[in-house]
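This report refers to the structure that appears directly beneath it.
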Amino acid sequence: MLLECADTSLWLREADHPAITLPRWQQQVDLLNEFYQAQASVVLQCIDGEYQVVCSRQRTDLNLYAGTQFYDASLTHALSKHTAYGLLDLTESQDPESHLARFDSLLALPLYWSDGQAFGVMLICDSQRSKHFQRLLPLMENAKALIQAELKHLFLMQQIQMMSVQDDLTCMLNPYGFNLMAPRQLSLSRRFGSHAGIVLLQDNTQYKGQLEQSHGLRQLARVIHHNMRDADVSARIEDGLFAILAFVDSQANLESLTKRLLKQIAKEEIKAEISIGVSFFTPTTHLAIEPMVEAARQNLHANQKLAQQGDVKA
């Protein structure tokens, strides 16, 4: 599990965000609807071609209430083609299945996250003052500026939250992130009767310098990430120590995972001296994450001791 970027794939209305003040958005929509004398004014969020009404003002019951979701292929196509600043061209025919198909004219202003990803669109539907839209356009621009400022604030808050649980060197979870995420995943897996195992991977390599060490740890992090499933949790919990919470069907699957990791490390010609410790637990064990990690740590130390004894005999 790697953290890569702030999450922009969740509906804004489905969670509380301290950075977002929806009543303020609603005030802007109310003002726009009044000045444009429109049938409806709407702010839509778009995710994978589906739209959700964030806030709206409608003169009659047009089924565009906050939280309403619908698809609109034409609007999605227009948004994907929009690269210039300003209003969106919606001259193409509307999707007949869309909630917007009933309107004869749509003034649209795209909205974006601070990284340039599309958030959605602000719509003025069937305005009675369309011929004056250039004079009134600054009102939409002001509303857009306010909304995008709050989206930027949310985006930055998400990034700060990510940084607090992310290891700067490897982009994996750090110890705090692991102790935060692993218990949640473990609790969820036990509800479904999943077995779990902890794998500790220790890099014992004597690097020549900091740059070489950083490169080696990043390589190991990449191998770990590519061999994990989405439900698994991995982290760098100490300087050269990686922890993996893996959900498996049996102890044999856990052993297969460790062999696969070592095989992939060798395949990529990563010059690292690796020690591994594991611990396996059934759903009925009910141990917290800390003693599970400690059991794997004891196994790691035992394996390291056996390896040292083998070197002495050799």
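The values are calculated or read from the model by the stated rules, or taken from the named source; none is laboratory data. Small disclaimer: the values here were computed from a predicted structure and weren't measured. Don't worry about glycine lacking a Cβ; one is built from the backbone with ideal geometry, like all the others, and counts go over all protein chains shown. To get the accessible areas, we keep the full protein, side chains included, count just its heavy atoms, and leave off ligands, DNA and RNA. Shrake-Rupley method; radii C 1.70, N 1.55, O 1.52, S 1.80 Å.
Side notes on the structure shown:
- Ile270 vs. criteria without any contact (Cβ under 8 Å) to a residue 60 or more places away in the chain and hydrophobic (A, V, I, L, M, F, W, C): yes
- Boolean, Leu88 is more than 24 Å from the chain's Cα centre (by Cα), of a type in the set (A, V, I, L, M, F, W, C) and more than 22 Å from Ile20 (Cβ to Cβ): yes
- Test: residue in segment 202-213 that is modelled with pLDDT under 90 and of a type in the set (A, V, I, L, M): no
- Taking residues in segment 198-214 that are among the aromatic types (Phe, Trp, Tyr), and partners anywhere that are part of a helix (DSSP H, G or I), the pairs with Cβ atoms closer than 7 Å and at least 6 places apart or on different chains are Tyr207/Gln213; Tyr207/Gly216.
- Some residue of segment 196-208 being in contact with a Phe, Trp or Tyr (Cβ under 9 Å, 6 or more places away or on another chain) and open to solvent by 30 Å² or more (accessible area, probe 1.4 Å): yes
- Looking only at segment 249-271, and only at residues there that are over 19 Å from Arg297 (Cα atoms) and in contact with a helix residue (DSSP H, G or I) (Cβ under 8 Å, 6 or more places away or on another chain), the one that is most open to solvent (accessible area, probe 1.4 Å): Lys271
- Any pair with Cβ under 7 angstrom, 6 or more apart, that starts in segment 173-190 at a residue that is touching a residue at least 24 places away in the same chain (Cβ under 8 Å) and ends at one that is open to solvent by less than 50 Å² (accessible area, probe 1.4 Å) and of a type in the set (Asp, Glu): Leu173/Asp167; Asn174/Asp167
- The one condition in (1) in contact (Cβ under 8 Å) with a residue 24 or more places away in the chain; (2) open to solvent by less than 50 Å² (accessible area, probe 1.4 Å); (3) more than 26 Å from Gly193 (Cβ to Cβ) that Glu238 fails to fulfil: (2)
- Only one of Arg222, Arg229 that is assigned to a loop (DSSP other than H, G, I, E, B), under 21 Å from the mean Cα position of the chain (by Cα) and either of a type in the set (Ser, Thr, Tyr) or over 18 Å from Arg297 (Cβ atoms) (or both): Arg229
- Residue selection: Asn253 fails the criterion of being of a type in the set (S, T, N, Q) and under 23 Å from Pro175 (Cβ atoms).
- Scan of segment 256-271 for residues that are more than 20 Å from Ala307 (Cβ to Cβ) and in a loop (DSSP other than H, G, I, E, B), ordered by number: Glu268, Glu269
- The condition of being under 30 Å from Gln158 (Cβ atoms) and among the polar types (S, T, N, Q) holds for only one of Gln94, Gln39, Gln117, Gln134, that being Gln117.
- Within segment 272-291, if we keep just the residues that are assigned to a loop (DSSP other than H, G, I, E, B) and open to solvent by 90 Å² or more (accessible area, probe 1.4 Å), the residue that is nearest to Arg184 (Cα to Cα) turns out to be His286.
- Residue check for Ile224: in contact (Cβ under 8 Å) with a residue 12 or more places away in the chain, under 22 Å from Glu294 (Cβ atoms), open to solvent by 40 Å² or more (accessible area, probe 1.4 Å) and not aromatic (Phe, Trp, Tyr): no
- Residues located in segment 23-48, provided they are open to solvent by 10 Å² or more (accessible area, probe 1.4 Å) and in a strand (DSSP E or B): Cys46, Ile47
- For Asn253, the requirement of being in a helix (DSSP H, G or I) and under 14 Å from Asn204 (Cβ atoms) is not met.
- Matching strands (runs of 3 or more DSSP E) fully within segment 49-139 where at least 3 residues are open to solvent by 20 Å² or more (accessible area, probe 1.4 Å): 50-58, 106-112
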